[in-house]
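The values are calculated or read from the model by the stated rules, or taken from the named source; none is laboratory data. Owing to the predicted nature of the structure, the values given are computational and were not obtained by experimental measurement. All Cβ positions, even for glycine, are placed from backbone atoms using ideal geometry, and neighbour counts span all protein chains on display. Surface accessibility is based on the protein's heavy atoms, side chains included, excluding ligands, DNA and RNA. Shrake-Rupley method; radii C 1.70, N 1.55, O 1.52, S 1.80 Å.
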Amino acid sequence: MELVKDYQKPQHPSYHIPHHAVIREDSITTKVRVVFNASCRTPNGPSLNDALMIGPTVQENLRTLTLRSRIHPVLLNANLKQMYRQILMDQRSNNLQHIVWSSSPEAPLQTYELQTVTYGTASAPFLATRVLQQLADDEQTDLPEAVNVLRKDFYVDDLFSEANTIEEAITLRRQLESLLKRGGFELRQWASNEPAVVEDVPAENRALKSSVDLDSDQCIKRLRLHWEPATDVLRYKTQLPPTSTNESLTKRIALSHIARLFDPLGLGGPVRCVLFPSPTSLQIHIFTDASDHAYGACVYIRSTNSNGCVKVALLTSKSKVAPIKKQSIPRLELCGALVRAELYEKVMKSLQLTGDTFFWVDFNIRGEPSIQDPACYRKLLVGSRRWDTESNGSHL
């Protein structure tokens with residue numbers, strides 16, 4: 001920021017952004033963060049955020065990034081250091097980013113002008129992520145692998161990428177460091193489920209403690225998820241409020257507790273990589289079921305390696321609570337089939353996998369337990385390549 005000398009009533013529109021400090025003791029890098037409230041209304045007009053456009057989304061969503069990270073054995077994770085503060089604003093807009101500040105309680109208040117993208121303004125996420133996309137466009141002739149990752153594997157300032165081997169991951173890490181440095185960005189808090197990938201990274205730029213630490217129970221928070229690199233599992237942390245002995249557990253209370261758990265993949269349990277490295281065959285199995293209370297679908301990946309070993313793993317799932325108004329089971333099964341079709345479309349778009357797809361149901365339109373006649377679902381499942389109508393799943 002820069003001091004505005006001899007500040008008087010400006011000739012052009014200006015705005016003073018209220019701000020305060022937020023202390024986060026659990027933060028690894030920045031214990032004290034400044035929060036700017038650009039939504040604060042002026043006495044005679046709208047707030048700055050009221051006048052700003054938000055901008056479109058230019059990065060992949062959380063579900064896509066997390067899904068993609070599970071089909072490769074080596075994960076690579078990092079964070080951009082103070083991303084917003086590395087991006088200069090157009091000088092013509094700086095008069096809308098004024099703050100009042102003093103170096104000590106005894107010093108006089110003075111007006112300063114913020115010159116970089118400011119956290120708390122409505123357009124900040126778009127401006128920052130759009131700059132990363134522009135950096136990829138500007139440098140696309142060099143470092144092609146890193147450019148592709150910069151376009152697809154970042155969520156705001158978090159990198160969540162993957163590779164097939166340790167050597168590929170090390171090369172990718174070095175290319176990314178070089179690419180981001182060209183735009184004035186620094187990658188830090190490196191982590192991987194393979195310690196060799198970050199072995200030559202300075203200790204201050206690693207997310208976890210030294211490898212000689214006997215405590216393997218170390219988690220880092222990425223994409224709003226808790227990831228434990230040592231064992232390569234995702235964890236879910238939640239604190240349920242105490243329930244009195246006289247209080248009955250109602251459906252409303254249960255749903256309230258469930259909603260507090262951030263689970264974009266619908267897993268609710270430990271996971272690991274879902275595929276064998278370089279599988280010889282690949283199948284996608286999607287199951288659907290419904291009851292009076294809920295309906296949903298889950299996706300399993302079945303891969304086979306060159307030795308004939310088979311691996312089956314849960315990839316993702318999605319469920320919904322049945323409507324309060326009583327519905328027939330066939331109708332709820334159809335609702336589940338719609339969820340399954342949407343889930344299938346999302347998975348295939350995210351991963352671009354090639355392999356046979358199987359859709360499994362245990363009810364037909366007449367309400368009889370059967371898997372022989374899935375014809376009533378075909379119109380909903382647009383894009384399916386193969387139907388399996390066997391009466392059991394023994395080949396899984």
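Gln134 meets all of the listed conditions (1) open to solvent by 40 Å² or more (accessible area, probe 1.4 Å); (2) not in a helix (DSSP H, G or I) but one, namely (2). Of note, His12 satisfies the criterion of being open to solvent by 60 Å² or more (accessible area, probe 1.4 Å) and either touching a residue at least 60 places away in the same chain (Cβ under 8 Å) or of a type in the set (Lys, Arg) (or both).
Of the residues making up segment 314-334, those that are surrounded by 16 or more Cβ atoms within 10 Å (Cβ to Cβ) and under 21 Å from the mean Cα position of the chain (by Cα) are Leu314, Leu315, Thr316, Ser317, Lys318. Mind listing whichever residues of segment 185-215 are aliphatic (A, V, I, L, M) and either modelled with pLDDT of 90 or more or open to solvent by 70 Å² or more (accessible area, probe 1.4 Å) (or both)? Answer for segment 185-215, where residues must be aliphatic (A, V, I, L, M) and either modelled with pLDDT of 90 or more or open to solvent by 70 Å² or more (accessible area, probe 1.4 Å) (or both): Leu187, Ala191, Ala196, Val197, Val198, Val201, Ala203, Val212, Leu214. Picking from residues in segment 78-99 that are open to solvent by 40 Å² or more (accessible area, probe 1.4 Å) and out of contact with any Phe, Trp or Tyr (no Cβ under 8 Å at 6 or more places or on another chain), the one that is nearest to Leu225 (Cα to Cα) is Gln82. Selection within segment 170-179: residues that are buried (at least 19 other Cβ atoms within 10 Å of the Cβ) and touching an Asp or Glu at 6+ places or on another chain (Cβ under 7 Å). The member of this set that is farthest from Val274 (Cα to Cα) is Leu179.
Scan segment 117-127 and give yes if some residue there is surrounded by fewer than 17 Cβ atoms within 10 Å (Cβ to Cβ) and out of contact with any helix residue (DSSP H, G or I) (no Cβ under 9 Å at 6 or more places or on another chain), otherwise no. No; the residues of segment 117-127 include none that is surrounded by fewer than 17 Cβ atoms within 10 Å (Cβ to Cβ) and out of contact with any helix residue (DSSP H, G or I) (no Cβ under 9 Å at 6 or more places or on another chain). No other residue among Leu65, Leu159 is among the aliphatic types (A, V, I, L, M), over 26 Å from Val4 (Cα atoms) and part of a helix (DSSP H, G or I) apart from Leu65.
Quick check, is Ile166 free of Cβ contacts under 8 Å to residues at least 60 places away in the same chain, open to solvent by less than 70 Å² (accessible area, probe 1.4 Å) and among the aliphatic types (A, V, I, L, M)? Spell out how you get there, then give the answer.
Working: free of Cβ contacts under 8 Å to residues at least 60 places away in the same chain: no; open to solvent by less than 70 Å² (accessible area, probe 1.4 Å): yes; among the aliphatic types (A, V, I, L, M): yes.
In short, no.
Answer yes or no as to whether Ile54 is under 25 Å from the mean Cα position of the chain (by Cα), open to solvent by 100 Å² or more (accessible area, probe 1.4 Å) and in contact (Cβ under 8 Å) with a residue 40 or more places away in the chain. Considered against the rule, which asks whether it is under 25 Å from the mean Cα position of the chain (by Cα), open to solvent by 100 Å² or more (accessible area, probe 1.4 Å) and in contact (Cβ under 8 Å) with a residue 40 or more places away in the chain, Ile54 comes out as yes.
If you go through segment 22-44 and keep only what is more than 23 Å from Leu88 (Cβ to Cβ), open to solvent by 70 Å² or more (accessible area, probe 1.4 Å) and in contact with a Lys or Arg (Cβ under 7 Å, 6 or more places away or on another chain), you end up with Ile23, Arg24, Glu25, Lys31.
Let's see how each residue does on (1) of a type outside the set (A, V, I, L, M); (2) open to solvent by less than 40 Å² (accessible area, probe 1.4 Å); (3) modelled with pLDDT of 90 or more:
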residue: Leu255; (1), (2), (3): no, no, no
residue: Ile258; (1), (2), (3): no, no, no
residue: Leu275; (1), (2), (3): no, yes, no
residue: Ile284; (1), (2), (3): no, yes, yes
residue: Ala290; (1), (2), (3): no, yes, yes
residue: Gly336; (1), (2), (3): yes, yes, yes
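Selection of segment 1-56 for residues being assigned to a loop (DSSP other than H, G, I, E, B) and of a type in the set (Asp, Glu) yields Asp6, Glu25, Asp26. Select from segment 96-130 the residues that are over 34 Å from the mean Cα position of the chain (by Cα) and polar (S, T, N, Q) and write down the one among them that is modelled with the lowest pLDDT. Per the criteria, the residue is Ser103. Looking across segment 139-158, the residues that are open to solvent by 40 Å² or more (accessible area, probe 1.4 Å) and under 16 Å from Glu60 (Cβ atoms) come down to Asn148, Arg151, Lys152, Tyr155, Val156, Asp157. Take Thr66 and tell me if it is open to solvent by less than 40 Å² (accessible area, probe 1.4 Å) and without any contact (Cβ under 8 Å) to a residue 60 or more places away in the chain. Against the criterion (open to solvent by less than 40 Å² (accessible area, probe 1.4 Å) and without any contact (Cβ under 8 Å) to a residue 60 or more places away in the chain), Thr66 does not qualify.
Assess whether Arg182 counts as being at pLDDT 90 or above, of a type in the set (Lys, Arg) and buried (at least 19 other Cβ atoms within 10 Å of the Cβ).
No, not satisfied.
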